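Read through the structure below, which is laid out as structure tokens, and then see the notes.
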Amino acid sequence: VVRRRLLQRYEHQPFISCLAGFYSCRWKRYQRKRTEPGKCCCNMVTFCLSVVFLYTWGEGKNDYNGFDWYNYGNLGFWFLWSLVILIVASVLFAYTSLLLVLAMCLLAEGQQLYLHWSHKIGTFLVLGFTISSFFALSILWRDHRKTVRLSLQVTAPYLHIGAIAIMVLLSWPVALHAIRADKKVIQVIIIGPYLAILLFLFLIPLGMYSPCIREKGTLGPKPALIGHRGAPMLAPENTEMSFLKTIEHGGDGLETDVTISYDGVPFLMHDDTLRRTTNIHEVYPNETGKAASLFSWDSLQKLNAGTWFLKNKPFLGMGSLSKADQNQAMNQSIYTLSGFLRLADSHNKLVIFDLYRPPEKHPYRNLWIRKILDVILKETKIKRHLVLWLHNSVRAFVQSVAPGFQHTMGRKAPIEDLLKHNIVKLNLVYTDMSSEDIRKYAEANITTNLYVVNEPWLYSLAWCSGAHSVTTNAVHLLKDISQPLFLMTPRQYNIMWILTDLTSAFLISLIFAL
């Protein structure tokens, strides 16, 4: 600023001009001394990695419960580690974004970002955190990559608009540096990669695919909702209260896990032990590591299956419970299979359950299937078409003694094999979702259920892909979705794509011209 004013005011006086020139030389030396291009590039790389990690982890919210359960199994106590990682990732993204914005402002003025030593440490901490997190995810949570790929099927059109907007913002410093460059080669080095990336973004929609971009009238019916262990966001899992909450919110079916007590009573329990979902540490403190199936039913009846839920409610982040719900949760006990089936039958709800074989030396290790069938067929007499039979090892025996069950397979298989074994439904993990496979199975009258689907975007994708039903922890949330999110016709998407490209091309051309 001083140099410009001196030159404008005293342009005809040699001494003052020399002074201004000397100031300019001194200023350039000072700039060169403070310029650290390597740090600026490092900041850009760190920002990009933090963005990718935040998106990756944010879109994995559907599996946070599984991630926290995995940590519980290893650490021995329950805590929302997934939420902690999300908060840390958000803070680090905000920090790197601020540094990048400051860098762009300084670059626009012909300067470069000079990082204080504390920010250098901060940048490398962010870089280390994101790289180590990606490495850990690739080893411990490989299916997470499939979740991210699925998310791109619904978010890619909007990520495309965001990427184009970023390129428009970057056009100003790019144009400024290119024009200030003295050599043509440097200008080409600056503008060439920018234009290549821009052209790639302009054309990338040609390779995009989303089942939610479809013609009107081609969308199938809304997938039915099956409560995963009931409604575990609203009540203690696998308890009567949990299943009643699912029914109250309009769930179409109930899912649970069945094991058998030492004296032959089938009951509902997901974990191998009773530590997480009961107060066993208070009633039987010396037997917390003992398998649930090695307790007698009389012993199991003495345990409370609801107080753990109220203690962990602040960590679960699921909102507050009414006083009546709190009192009801405090009085929940371990639920029997017979009680579960009677409840489902009385409300005409589908049931699907995983069966856990008792350990060795258990008196019912070789009789457990027969005992469970006795409860289904003789004790409760539930309508047989409501039972989705999933267990595969004795399917032929079950078909002979209990005709009428809807036999369900837990993995993909050739259609011929499925029809041969009278399979009418597939129960697949949501990462195996494929609209093409779902359509082929549907043509053979084999419906598809996906589990566990909790997030609205994932439910929308399942709906657009043609899934018949989903197993979910969030019946109370998904029941209110009237149409898939991100649903649009090909014409609407083409208009959005072309307008985005034309508007951005005009703005970038205008900025370069200015």
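The values are calculated or read from the model by the stated rules, or taken from the named source; none is laboratory data. Please read all numbers here as calculations on a predicted model, not as lab measurements. In this analysis, Cβ positions are derived from the backbone assuming ideal geometry, glycine residues included, and neighbour counts consider all displayed protein chains. Ligands, DNA and RNA are excluded from the accessible area calculation, which covers all protein heavy atoms including side chains. Shrake-Rupley method; radii C 1.70, N 1.55, O 1.52, S 1.80 Å.
At-a-glance table
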{"quantity": "Relative contact order %, the range 358-442, counting alpha carbon pairs below 8 Å whose residues are six or more apart", "calculated": "19 percent"}
{"quantity": "Angle in degrees between helix 117-140 and the longest Cα principal axis of the chain, rounded to the nearest 10", "calculated": "30 degrees"}
{"quantity": "Inter-label distance, nm, simple model (7 Å from Cα along the C-beta direction), Ile204/Lys381", "calculated": "6.2 nm"}
{"quantity": "Dimensions (Å) - the range 56-211, Cα atoms, principal axes, largest first", "calculated": "64, 46, 21"}
{"quantity": "Reachable lysines, given that their alpha-carbon falls under 19 Å from the alpha-carbon of Lys440 and they are not under 8 places away in the same chain", "calculated": "Lys222, Lys412, Lys420, Lys425"}
{"quantity": "Helix-only mean residue ellipticity at 222 nm for the chain, each DSSP H run of n ≥ 4 adding -39500 (n - 2.57), per residue, nearest 500", "calculated": "-18000 deg cm²/dmol"}
{"quantity": "Nearby aspartates and glutamates by direct alpha-carbon distance to Lys361 (threshold 17 angstrom, same-chain neighbours under 8 apart not counted)", "calculated": "Asp263, Asp272"}
{"quantity": "Accessible area, probe 1.4 Å, largest first, for residues Asp63, Asp417, Asp68", "calculated": "Asp417, Asp63, Asp68"}
{"quantity": "³J(HN,Hα) computed for each position of the range 248-263 - Karplus, 6.51 cos²θ - 1.76 cosθ + 1.60, integer Hz, glycine/proline x", "calculated": "4, 8, x, x, 8, x, 10, 10, 7, 10, 10, 10, 9, 6, 5, 9"}
{"quantity": "Accessible-area ranking of Ile334, Ile190, largest first, probe 1.4 Å", "calculated": "Ile190, Ile334"}
{"quantity": "Tilt relative to the chain, helix 184-203 - C-alpha long axis, 0 to 90 degrees, to 10", "calculated": "30 degrees"}
{"quantity": "Net charge, Gly410 excluded, C-beta distance under 11 Å - Lys, Arg +1, Asp, Glu -1", "calculated": "+1"}
{"quantity": "Acute angle (nearest 10 degrees) that the helix 81-108 long axis makes with the longest principal axis of the chain, alpha-carbon atoms", "calculated": "10 degrees"}
{"quantity": "Note, ³J(HN,Hα) from phi for the range 333-343, Karplus 6.51, -1.76, 1.60, rounded to Hz, x at Gly and Pro", "calculated": "10, 5, 9, 8, 4, 4, x, 4, 5, 5, 5"}
{"quantity": "Label-point separation in nm, Ser296 to Leu106, each point 7 Å along Cα→Cβ", "calculated": "7.6 nm"}
{"quantity": "Lysines with Cα under 29 Å of Lys311, excluding same-chain neighbours fewer than 8 positions away", "calculated": "Lys61, Lys245, Lys290, Lys302, Lys323, Lys479"}
{"quantity": "Inter-probe distance in nm under a simple model that places probes 7 Å from Cα toward Cβ, at His116 and Asp272", "calculated": "5.2 nm"}
{"quantity": "Kirkwood estimate for the range 356-437, i.e. one over the average of 1/r between Cα atoms, Å", "calculated": "14.4 Å"}
{"quantity": "Residue order for Glu436, Glu455 - accessible surface, 1.4 angstrom probe, largest first", "calculated": "Glu436, Glu455"}
{"quantity": "Separation of alpha-carbon centers, the range 450-510 and the range 278-304, rounded to whole Å", "calculated": "46 Å"}
{"quantity": "Mean separation of Cα contacts under 8 Å (6+ apart) over length of the chain, as relative contact order %", "calculated": "15 percent"}
{"quantity": "Of the chymotrypsin sites (Phe, Trp or Tyr not before Pro) in the range 190-234, those whose Cβ has at most 16 other Cβ within 10 Å and which sit in DSSP loop", "calculated": "Tyr209"}
{"quantity": "Net lengthening on full extension, Ser400/Phe77 (0.36 nm per residue, minus Cα-Cα)", "calculated": "111.8 nm"}
{"quantity": "Gain on full stretching of the segment that runs from Lys412 to Asn331 - 0.36 nm per residue minus C-alpha separation", "calculated": "25.1 nm"}
{"quantity": "Loop trypsin sites (Lys or Arg not before Pro), the range 337-377 (other Cβ atoms within 10 Å of the site Cβ: 10 or fewer; DSSP)", "calculated": "Lys361"}
{"quantity": "Where GluC sites (Glu not before Pro) fall in DSSP loop in the range 282-391, at most 14 other Cβ within 10 Å", "calculated": "Glu360"}
